[in-house]
Amino acid sequence: MNTRDIALAVFRTSLASADPAGAVRNHMTLSGEILKVGPEFFPLQALRHILVVGAGKASAAMAWACEELLGERIHKGLVLTKDGHAPTSGKGGKIRVLEGAHPIPDERCLSGTQELLSILSEATEEDLVICLISGGGSALLEDLPEEITLSDLAAVTDFLLRCGAPIQEINVVRKHLSRVKGGQLLRHMQGAAVVSLVISDVIGAPLSAIASGPTVPDPSTFQEATDILMRYCGGEKSDIPPAIVSYFEKGIRGNVLETLKEGDPALSRSRTLVIAGNRSAADAAIKACLQQGISPVLLTAYLEGEAREAGKMFAAIAREIRATGNPSPVPCCMVASGETTVTVKGKGLGGRNQELALSAAMAMDGLPDVLLLAGATDGSDGPTDAAGAIASGDTIRRARAQGMNPREYLDQNDAYHFFDNLGDLIRTGPTGTNVNDLYLLFCM
């Protein structure tokens, strides 16, 4: 295989390792009438009902595995997932799957959440609620205060995304515009026992940040959410919908209920277990490289920052390897995972992985035998149909041969069309999982 084929094979192997259904099966077992979820044991005869709810890009696959195990023992269930992320089979059983928009929610997200809350309204202290949570849940699971409209939420979400705000900060704002995020979903559990199975797409897997932490305590406040907005709008409140400004001011004054905090009684019967995360894909990539006879090095599972700056970093590492053999002699692969951001200034189309790859291609121009794959494990990089892109030391030469100016594409945040013209986009379709982004730098 050539380097491109090897890179794609390693990427596919990494995606398979983050399979949500497999993660559920690894952490939930049924032995006779005893259900074991992580370290917790639940005698089924002591339960009135089992309810299954969830939200996120991986929640449908997680629900499928849950239903395979429990079948008719499930009383009712509903999960909300992104368009195209529902399994093609396994539908029509005890757990319904509804799709909605992401990263900016639509009316389907709101109506789906109301159906989910209706199921939870039937819960009692004699029931078990299994919550299936994964990345993407912040948009898909939403119950807005009466003062806030969907267009208000969409406007502030789009504003923060275009400013390049980290997802953790975006989620602080979204948690304080919601009645289900930041632990508040537990207020609808009616005292039932709750076990949350979580697939993390957030660096370091902080529970309060994954899908905005609907079943865990939240340390953030209305004041912090306000400070984030003011920082990105330069103190100009006119950039923020007036209803949101007013609502946050009420929250700061204590006239709106805060998100759930440590010590709240709603947490007393709730347990949370992270069953997969961004290290899952990175660790699988390392094993796959070894099987190919390529020396892997895990650079970091905590990559953050502006995408184009991260691209320059990968190019600098490639040049170091070619010049000195450090940090590894060839053939080798530098593996990293995380989530970068893009500050959008142009009018083009792309995603953070495509922009990172374009920046790396420009900095690696002319460097022989190097290739960088940057891909989103959910198969969706930004508002595009691509998971990411592949760049090499030959990318810029090929682009110029087609009359393309790489700098113009980068300045317009138009990496999608740049790589599409070259045939170097990675298209996997929806993968049904979401454990952050993966970066594979091959030096051969």
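The values are calculated or read from the model by the stated rules, or taken from the named source; none is laboratory data. Source: prediction; values computed, not measured. Here the Cβ positions follow ideal geometry from the backbone for every residue, glycine too, while neighbour counts run over all protein chains shown.
Data for the structure
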item	result
Of all residues making up segment 33-69, the number that are assigned to a helix (DSSP H, G or I) and in contact with a helix residue (DSSP H, G or I) (Cβ under 9 Å, 6 or more places away or on another chain)	11
Boolean, HIS188 is crowded, with 18+ Cβ neighbours inside 10 Å and either within 20 Å of GLU99 (Cα to Cα) or in contact with a Phe, Trp or Tyr (Cβ under 9 Å, 6 or more places away or on another chain) (or both)	no
Yes/no for GLY311 being crowded, with 24+ Cβ neighbours inside 10 Å and in the same structural domain as ASP411 (by TED's automatic domain parsing)	yes
Residue list for segment 249-282, restricted to those being part of a helix (DSSP H, G or I), at pLDDT 95 or above and either over 30 Å from GLU146 (Cβ atoms) or hydroxyl-bearing (Ser, Thr, Tyr) (or both)	none
Residue list for segment 217-246, restricted to those being touching a residue at least 60 places away in the same chain (Cβ under 8 Å), part of a helix (DSSP H, G or I) and not charged (D, E, K, R)	ILE228, LEU229, TYR232, ALA243, ILE244, SER246
All helices (runs of 4 or more DSSP H) inside segment 343-444 with 3 or more residues being crowded, with 24+ Cβ neighbours inside 10 Å, more than 16 Å from the chain's Cα centre (by Cα) and not assigned by TED's automatic domain parsing to the domain that holds GLY204	352-363, 415-422
Residues of segment 74-101 satisfying the condition of being more than 27 Å from PHE42 (Cβ to Cβ) and either under 19 Å from the mean Cα position of the chain (by Cα) or modelled with pLDDT of 95 or more (or both)	LYS82, ASP83, GLY84, HIS85, ALA86, GLU99, GLY100, ALA101
Subset of segment 1-16 [buried (at least 22 other Cβ atoms within 10 Å of the Cβ) and among the small types (Gly, Ala, Ser)]	ALA7, SER14
Hey, ALA301 surrounded by fewer than 22 Cβ atoms within 10 Å (Cβ to Cβ), in contact (Cβ under 8 Å) with a residue 40 or more places away in the chain and out of contact with any Pro (no Cβ under 6 Å at 6 or more places or on another chain) or not	yes
Residue list for segment 228-285, restricted to those being in contact with a strand residue (DSSP E or B) (Cβ under 8 Å, 6 or more places away or on another chain) and among the small types (Gly, Ala, Ser)	SER270, ALA276, GLY277, ALA281, ALA282, ALA285
Of all residues in segment 140-154 being outside any helix (DSSP H, G or I) and not β-branched (Val, Ile, Thr), the one that is farthest from VAL97 (Cα to Cα)	GLU147
Segment 165-185: number of residues that are farther than 18 Å from LEU260 by Cβ and either surrounded by fewer than 18 Cβ atoms within 10 Å (Cβ to Cβ) or of a type in the set (D, E, K, R) (or both)	1
Answer residue from segment 102-137, given it is small (Gly, Ala, Ser), part of a loop (DSSP other than H, G, I, E, B) and modelled with pLDDT of 95 or more and is surrounded by the fewest Cβ atoms within 10 Å (Cβ to Cβ) among those	SER121
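Here is a yes/no grid of residues against (1) within 20 Å of SER200 (Cα to Cα); (2) modelled with pLDDT under 95:
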residue: MET362; (1), (2): no, no
residue: ALA374; (1), (2): yes, no
residue: PRO383; (1), (2): no, yes
residue: ALA391; (1), (2): no, no
residue: ASN405; (1), (2): no, no
residue: GLU408; (1), (2): no, no
residue: LEU441; (1), (2): no, no
